[in-house]
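What follows is a single structure, written as structure tokens, with notes after it.
Rule-based calculations on the coordinates, nothing more; no lab input. Keep in mind that what you see is a predicted model, and the values were worked out from it rather than measured. No Cβ is skipped: glycine too gets one built from the backbone with ideal geometry, and neighbour counts run over all protein chains shown.
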Amino acid sequence: MQYGICHLSIVPLRAAASHESEMTSQLLYGEHFKILEDRVHWSRIRNSFDGFEAWIDKKQYKKIEEADYYSLDEDDLQLSSDLIEYITDESGLLMPVAIGSVLNFTENLGHRFEGEKIRHRVSRKENLINTAALFLNSPHIWGGKSPFGIDNSGFTQIVYKLNGFKIQRNAAEQAKQGEALSFIEESEPGDLAFFDDNDGVIDHVGIMMKDNYIIHVDGKVRVDRIDHSGIFNSELRKHTHKLRVIKKII
């Protein structure tokens, strides 16, 4: 088995070994992974944090030793806490990194980081909504995980990650975690609401706020009303997502 780490700001992960293939997720700076399959220009990887598997361009990561991989697995993750910060690379050049980037291996890469850090294992459910609000107006990008473009499950995952909690990458997988609530009135800020399509497939997730509001990604990160039917967009004056279940993850 071989191992790698993302040494660039934000790297796309693809459904297949091609730059024309769908971007299914991203790696942020410092995220590490196992290499499951090697080709000439591409590697299929499994992200250590959430087990997500996809293809990555071999020019966009660096290989690390097995001992370093497992050491990173055991470490208390140090995360960048500002929307955008800068790494100084081995050549003395500045490289922007997004909120939620992992900083544990920075010195090993010959990089220097002087911004604010937070620890992943310091759990703070009460701060989930404040963290979510940092992403307001970030545009929707399928597979995105950063303020420059994010999808609905990438949004919930990064908000939870920044507050010390681990959830899966996709909405359908996130919906398998936690305890289902019977009524909206039982929810509290930070719980996750899941929505399904006409075939009953869960395809959307958002974070519950107080007073029957929800913060989620629909075109951009936005706040809308939620009721027993689903999300109500006041601009469109209609329900846009059909509520399936609310889960208490924490």
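When only alpha carbons are used to place a centre, the stretch 17-66 and the stretch 192-229 end up 30 Å from one another. FRET efficiency for the pair S234 and Q60, taken as 1/(1 + (r/R0)^6) with r the Cβ-Cβ distance and R0 = 51 Å, rounds to 0.80.
Over the residues of the chain, the helix contribution to mean residue ellipticity at 222 nm works out to -3000 deg cm²/dmol, using -39500 (n - 2.57) for each DSSP H run of at least 4.
Of the GluC sites (Glu not before Pro) found in the stretch 62-135, those that fall in a DSSP loop while having at most 12 other beta-carbon atoms within 10 Å are E65, E90, E114, E116. Which pairs break 31 Å Cα to Cα here: K59/K248; K59/K176; K62/K117? K59/K248; K59/K176, as the Cα separations exceed 31 Å there. Values of log10 I(q)/I(0) for the chain across q = 0.07, 0.17 Å⁻¹ run -0.24, -1.28, by the Debye formula with one identical scatterer at each alpha carbon and no solvent. Here K145 is the anchor, and the aspartates and glutamates within straight C-alpha reach of less than 17 Å, apart from those fewer than 8 places off in the same chain, are E22, E31, D50, E53, D82, E85, E173, D203, D218. Net charge dipole, the stretch 109-250: roughly 600 debye, given to the nearest 20, about the Cα centre with Cβ charges of +1 for Lys and Arg and -1 for Asp and Glu.
Taking every alpha-carbon pair under 8 Å whose residues sit at least 6 apart, the chain reaches a relative contact order of 14 percent.
The charge dipole of the chain, taken about its Cα centre with unit charges on the Cβ of Lys, Arg, Asp and Glu (plus for the first two, minus for the last two), comes to roughly 260 debye.
Charge tally for E173 (other residues, Cβ to Cβ under 13 Å; Lys, Arg +1; Asp, Glu -1): +1. Using bins of 5 Å that start at zero, the share of Cα-Cα pairs per bin across the stretch 158-220 amounts to 4, 16, 25, 29, 20, 5, 1, in whole %.
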